[in-house]
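Here's the structure we're looking at; comments come further down.
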Amino acid sequence: MINTYGQPLFPDLKYCARCCMPETNEGMQFDEMGICQACQSSEQKIRINWVEREKELRKILDYYKSLNNEYDCIIPISGGKDSTFQLHVLTKVYGMRALAVTFSHTWFTETGKYNLQNCLEKFDVDHIMFSPSRSLVSRLARQSLFKIGDACWHCHSGVGAFPMQTAVRYGIPLLIWGESIAESSGRATHRNPVRKFDRDYFTKVSAKRYPEEMVNDEISLREMACFKLPSVEDIEKLGAVGIHLGDFVFWDDERQMEFVRDVYGWREDKVEGTYKNYKSVECRMAGVHDYTKFLKRGFGRGTDHASQDVRAGLLTREEAFELAKQADTERPPALDWYLEITGFSEDEFNTVMRQHRAQVTAGGGLTDAAFSDAVQAYRAAQVKA
């Protein structure tokens, strides 16, 4: 029997020579040594002069405070560890008068509800939350599978559109998000960012489809108001600027989570699809989102987190592959709820995902047969073990 410990699940895919990221990751690029952009970015990160970056941040924040608007900035929050840390940095360290804005995915866990309310009370900020109707979310979750190959278009779109709507409505030009896209996605590096923030940033980075493209016989355009982006004219008139805190301060998921947990009482909990207990802890459907990524691209959040731990020196590449395989291949219990609210059968769900996988791997490397054989073999080996 061939020993497959520490080997990738899909041997026909090209993987980063340093971490566990495969070529099917969106926007994936390798350098001449076979190293992915996320690993390149992690190398750049330790050579950046973060003192100078912090001075740039302070200059930006001081400028917007000097405008003497009712609010200095908008901080989009979910109650997750990142947005809790953002509130700490921006209100406690820099003294910003912030308006916290939440687009509710309506899928909050009990832990997520607690964390959101807890951070609002601990940081004593004004807060606006928009919650679309549950029936609309369920219909969009079904359409989302067809359109983008995961369950979460309404969240991808809403977290970008609603804060911008609020910025225009209240005249607050500065919006501040947390983690940089250069941090771990593999689509950019600190030296080569994917794009500057503009009106269409979140559509191009995550939502992929505009609200008009989600309309069908069951979803009317009139229902999509909360997802509509402000006009280009309104954005330009406001002078809207969006920044990521992680482009200006050294970003460390683990340490930041420990900080908000120990200082502010932020709570961890079990998260489907990974071996860590903090990323997307607020969402019941996180496991479904990551499982669809696995079915479509051959890796999920287990690979994301394992690769981050390799870059941080916490795991060897071989250890990371084992953790990633175990987390990625597990069918999440939340899938049953997703099937219930969308009306899909599991066979229909898998058929749609096979179509997305074929599009992602049109050049070969992860055929349907190769995918099924590899997963079945791994699961059979796990049962025997």
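The values are calculated or read from the model by the stated rules, or taken from the named source; none is laboratory data. Remember, it's a predicted structure, so these values are computed and weren't measured experimentally. In this analysis, Cβ positions are derived from the backbone assuming ideal geometry, glycine residues included, and neighbour counts consider all displayed protein chains. Accessible surface is based on the protein model in full, side chains and every heavy atom, while ligands, DNA and RNA are left aside. Shrake-Rupley method; radii C 1.70, N 1.55, O 1.52, S 1.80 Å.
Could you tell me which of the residues Q355, Q376, Q382, Q359 is over 21 Å from V288 (Cα atoms) and outside any loop (DSSP other than H, G, I, E, B)? When all the criteria are applied, what remains is Q382. Under the condition of being within 20 Å of G365 (Cα to Cα) and open to solvent by 30 Å² or more (accessible area, probe 1.4 Å), the residues counted in region 273-300 number 2.
I want to confirm something. Restricting to region 79-101 and keeping residues that are over 19 Å from Q256 (Cβ atoms) and touching a residue at least 60 places away in the same chain (Cβ under 8 Å), which single residue is surrounded by the most Cβ atoms within 10 Å (Cβ to Cβ)?
Taking region 79-101 as the starting set, the residues that turn out to be over 19 Å from Q256 (Cβ atoms) are 95, 97, 99, 101.
Applying the additional criterion that residues be touching a residue at least 60 places away in the same chain (Cβ under 8 Å) yields 99, 101.
Details: L99: 22, V101: 24.
Of everything passing the filter in region 79-101, V101 is surrounded by the most Cβ atoms within 10 Å (Cβ to Cβ).
Kindly establish whether Q117 is open to solvent by less than 70 Å² (accessible area, probe 1.4 Å), within 21 Å of V263 (Cα to Cα) and within 22 Å of the chain's Cα centre (by Cα).
Against the criterion (open to solvent by less than 70 Å² (accessible area, probe 1.4 Å), within 21 Å of V263 (Cα to Cα) and within 22 Å of the chain's Cα centre (by Cα)), Q117 does not qualify.
Only one of E348, E268, E258 is out of contact with any Leu (no Cβ under 9 Å at 6 or more places or on another chain), in a helix (DSSP H, G or I) and either at positive phi or surrounded by fewer than 18 Cβ atoms within 10 Å (Cβ to Cβ) (or both). Can you tell me which?
Working: E348 fails: out of contact with any Leu (no Cβ under 9 Å at 6 or more places or on another chain); E268 fails: in a helix (DSSP H, G or I).
Exactly one residue qualifies, and that residue is E258.
Would you pick out the residues in region 214-229 that are surrounded by 14 or more Cβ atoms within 10 Å (Cβ to Cβ) and of a type outside the set (F, W, Y)? Residues satisfying the conditions are M214, V215, I219, E223, M224, C226, K228, L229.
Identify, please: which residue in region 61-78 is out of contact with any Pro (no Cβ under 9 Å at 6 or more places or on another chain) and crowded, with 23+ Cβ neighbours inside 10 Å and is, among those, nearest to W177 (Cα to Cα)? Give the steps one after another, and end with the answer.
Just the residues of region 61-78 that are out of contact with any Pro (no Cβ under 9 Å at 6 or more places or on another chain), to begin with: 61-63, 65-66, 68, 70-72, 77-78.
Retained after the next criterion (residues that are crowded, with 23+ Cβ neighbours inside 10 Å): 72, 77-78.
On the way: D72: 14, I77: 8, S78: 11 Å.
Taking the candidates together, the pick is I77.
The residue pairs whose first member lies in region 195-212 and is within 21 Å of V168 (Cα to Cα), whose second member is open to solvent by 60 Å² or more (accessible area, probe 1.4 Å) and among the charged types (D, E, K, R), and whose beta carbons are closer than 8 Å, counting only pairs six or more residues apart or on different chains, are Y201/R195; T203/R209; K204/R195; P211/K228.
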